[in-house]
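*Asks:* Once you've had a glance at the structure underneath, I'll fire off some questions.
Just so it is clear, none of the values below were taken in a lab; they were calculated from the coordinates. All values reported here derive from a predicted model rather than from experimental measurement. Because the Cβ atoms are built from the backbone with ideal geometry, glycine has one as well, and the counts that use them run over all protein chains shown.
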Amino acid sequence: MKFRPLHDRVVIRRVEEEGKTKGGILIPDTAKEKPMEGEVVAVGPGARNETGALVPLDVRKGDRILFGKWSGTEIKLDGEDLLVMAESDIMGVVEGSPVAKKKAA
């Protein structure tokens, strides 16, 4: 990918949840909600504080994160749907959970 976010922006790939409930019921695509969990694909260099010093971001590439349902701006890069949002829109990092890989169509 040839995209580098600026300032405190972060590029995120949504992590698709399994289309089955715990009881084994299949959920159709039309009934699914957009996931609020994702993987950080790229991060900007950081924001500037009042004195002009660069403050690095707390998230890194590869982190699994949680974000708000309506956070970010949806973009399409290299045929992939991604989100660009400010670091302040991220609620937290999910620790110890491997990132689920997207199934190929």
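*Asks:* Among residues other than Ala42 whose Cβ falls under 14 Å from its Cβ, what is the net charge (Lys/Arg +1, Asp/Glu -1)? Show your work: numbers first, answer last.
*Replies:* Working: positive: Lys2, Arg4, Arg9, Arg13, Arg60, Lys61; negative: Asp8, Glu39, Asp63, Asp78, Glu80, Glu87.
Net charge around Ala42: 0.
*Asks:* Search the structure for amide H atoms under 5 Å from the amide H of Asp63, placed 1.01 Å from N in the peptide plane, and list their residues when 5 or more places away or on another chain.
*Replies:* Val40
*Asks:* Could you tell me the calculated FRET efficiency between Arg13 and Val55, based on Cβ-Cβ distance and R0 = 25 angstrom, to the nearest 0.05? It would help to have the intermediate numbers written out before the result.
*Replies:* Numbers: r = 25 Å, r/R0 = 0.99.
The pair Arg13/Val55 has a calculated efficiency of 0.50.
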